[in-house]
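Presented below is the structure to which this report refers.
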Amino acid sequence: MRRVLAAKPTRCEVQASRLDDGGAGVGASSGRLVHVADLLPDERAEVVIDHHSPHTADAWGHIVRRIGAASKDRVAPACPGWGRCGGCTWQHLSYPAQLAAKRRRVELALADVLAIDTHGVKVSEVRPSPAMFGYRNKGKYVAGRTQDDKLVLGAYAPRSHHVIDTLGCRVVAPVIDELASWVRGAAERAGLRAYDEQARTGELRYVIVREVAGDALVALIVASGTPRAKLELVANSLAGHPAVHGLVVIENDRRDGAIVPAGSSAQVLLGHGYLVENLAGVPVEVGAGEFLQVNRAQAEAMYARVAELASPKAGTRAVDLFAGLGGIGLHLARAGATVVSVEIDRDSIAQLRRAAERAHLPLTAIAGDAGDLPAEVRAQLGAAPDVVVVNPPRKGLSEGARELLLALGAPTSIYVSCGPEALGKDLVALAAAGYAPDRIEPFDLMPGTAQVETVVRLRRG
Ligand SMILES: C[S@@+](CC[C@H](N)C(=O)[O-])C[C@H]1O[C@@H](n2cnc3c(N)ncnc32)[C@H](O)[C@@H]1O
């Protein structure tokens, strides 16, 4: 949504009635819906309006004075950068209240689906994450500079290109935070300059640190032409950390915000270019760029539930669209199904193929766009599978992917979604084609945020 600066600062009183997806409290004032950071439902404050939408009645403001009592759901945020880094915007909300708000988000997004005759199916309680902190197995950092020219690793402040230091983040696994500090120090000593997006000068753009069972992979994403000697100095410093399993360098000159663009190649400067993750008990290699759920324990619980809902047995034929590294497909194969997995990212699919072969599992891994598969590839999915699982990105199914799902015509389909609003739209379309949900089970994979993952089982007819 485009925002314009308020013509002149106006003040109003706002009582929040709900939270928006960015974690701001939303309350009505003089016909506008005002979004206010750090205002929880039932809290009231005097607010200065900073921006308003030219298209809708929404406005955004900041608190100048709190009025009355704090919400009973308010807790102290755990991270030092909270409120500035724009990451976990719900860290000031108690966990039970977060879970209730996530469930409400799914109910609202699926209201049109639930209004269809779904035989009384309800959105289940959100399955809580086993850990609220230290659960992220991947840290992503933008490189920036302070005013006194010190290197910073962090995140863009909301609606700006100002980099906020996020070292000390409590949400990543502790070793990730520790290594990010090491990288910052080593890069500073090596004279690596932070990349400037506007001027297109400088070298270090992003840092990724990935962790599996205490081992870490560090990726330096740099502008092309970054002197190798500087990168080697960083690698040499990191060689002294016992958790470092490998360090890779990836060149990226893109201007579209992609951190590791598809098709990038990683140059190994230290150790190995991958870690070994366990998915359904199967070792799978993972590099810096492939998609992997960040909350390992909760993702495994969700995959296991998907397999349970699919109830495969020997002979069951399953298709796993948007397969990633195979978290879902490997669980289905382990439970006895013969699986065909489709994924657009070639590295992921190659890693999944190798993993399934080594584990002697009946899983065929196919690289391709689920929304636009050539006829000969489509034929490999087999006619009338017993179950089709889809787990698309946040924006939901493309027309082509939806058409494929319907053409496959499985009696059971499972939709795993990280975008409740897109899920709502897709489920309405699938209902019109005869697929009705009989289970709607949200999972919390990202405590402290508005994000919620939803598993929906659909039955045809
Ligand atoms: C939400 S992730 C899910 C991955 C996997 N199911 C998991 O749980 O780890 C979505 C995946 O879809 C892939 N993807 C995106 N667009 C695609 C497309 N058009 N066709 C096939 N895969 C696609 C992405 O690369 C990513 O791996």
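The values are calculated or read from the model by the stated rules, or taken from the named source; none is laboratory data. In this text the structure is predicted, and so the values were computed from the model without any measurement. All Cβ positions, glycine included, derive from the backbone under ideal geometry; neighbour counts span all protein chains shown.
Looking at Ala229, Ala131, Ala187, which one is surrounded by fewer than 20 Cβ atoms within 10 Å (Cβ to Cβ), of a type in the set (A, V, I, L, M, F, W, C) and not in a loop (DSSP other than H, G, I, E, B)?
Details: Ala131 fails: not in a loop (DSSP other than H, G, I, E, B); Ala187 fails: surrounded by fewer than 20 Cβ atoms within 10 Å (Cβ to Cβ).
Going through Ala229, Ala131, Ala187 in turn, the sole match is Ala229.
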Among the residues of the range 168-184, which ones are assigned to a loop (DSSP other than H, G, I, E, B) and within 16 Å of Ile221 (Cα to Cα)?
none
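Being of a type in the set (Asp, Glu) and without any contact (Cβ under 8 Å) to a residue 40 or more places away in the chain is the filter here, so list the residues in the range 333-390 that pass it. Spell out how you get there, then give the answer.
Of the residues in the range 333-390, the ones of a type in the set (Asp, Glu) are 343, 345, 347, 357, 369, 372, 376, 386.
Those that are of a type in the set (Asp, Glu) and without any contact (Cβ under 8 Å) to a residue 40 or more places away in the chain: Glu343, Glu357, Asp369, Asp372, Glu376.
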Could you pull out the residue among Ala410, Ala365 that is in contact with a Pro (Cβ under 6 Å, 6 or more places away or on another chain), more than 10 Å from the ligand (Cβ to nearest atom), on the phi < 0 side of the Ramachandran plot and not β-branched (Val, Ile, Thr)?
Ala410
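Take the residues of the range 293-332 that are among the small types (Gly, Ala, Ser), buried (at least 19 other Cβ atoms within 10 Å of the Cβ) and not in a helix (DSSP H, G or I): which is farthest from the ligand (Cβ to nearest atom)?
Here is the first cut: in the range 293-332, the residues among the small types (Gly, Ala, Ser) are 297, 299, 301, 304, 307, 310-311, 314-315, 318, 323-324, 326-327, 329.
Okay, now just the ones that are also buried (at least 19 other Cβ atoms within 10 Å of the Cβ), so 299, 307, 310, 318, 323-324, 326-327, 329.
Add one more test, that the residue is not in a helix (DSSP H, G or I), and what stays is 318, 323-324, 326.
Details: Ala318: 13, Ala323: 5, Gly324: 3, Gly326: 7 Å.
Going through the qualifying residues, I end up with Ala318.
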Only one of (1) surrounded by fewer than 16 Cβ atoms within 10 Å (Cβ to Cβ); (2) in a loop (DSSP other than H, G, I, E, B); (3) of a type in the set (A, V, I, L, M, F, W, C) is not met by Cys85, so which one is it?
(1)
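Select, from Arg255, Arg358, the only residue that is surrounded by fewer than 20 Cβ atoms within 10 Å (Cβ to Cβ), more than 10 Å from the ligand (Cβ to nearest atom) and assigned by TED's automatic domain parsing to the domain that holds Lys230.
Arg255
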Of all residues in the range 258-269, which are modelled with pLDDT of 95 or more, of a type outside the set (Val, Ile, Thr) and surrounded by fewer than 19 Cβ atoms within 10 Å (Cβ to Cβ)?
Gln267
Residues located in the range 134-154, provided they are within 16 Å of the chain's Cα centre (by Cα) and either at pLDDT below 95 or part of a loop (DSSP other than H, G, I, E, B) (or both):
Gly134, Tyr135, Asn137
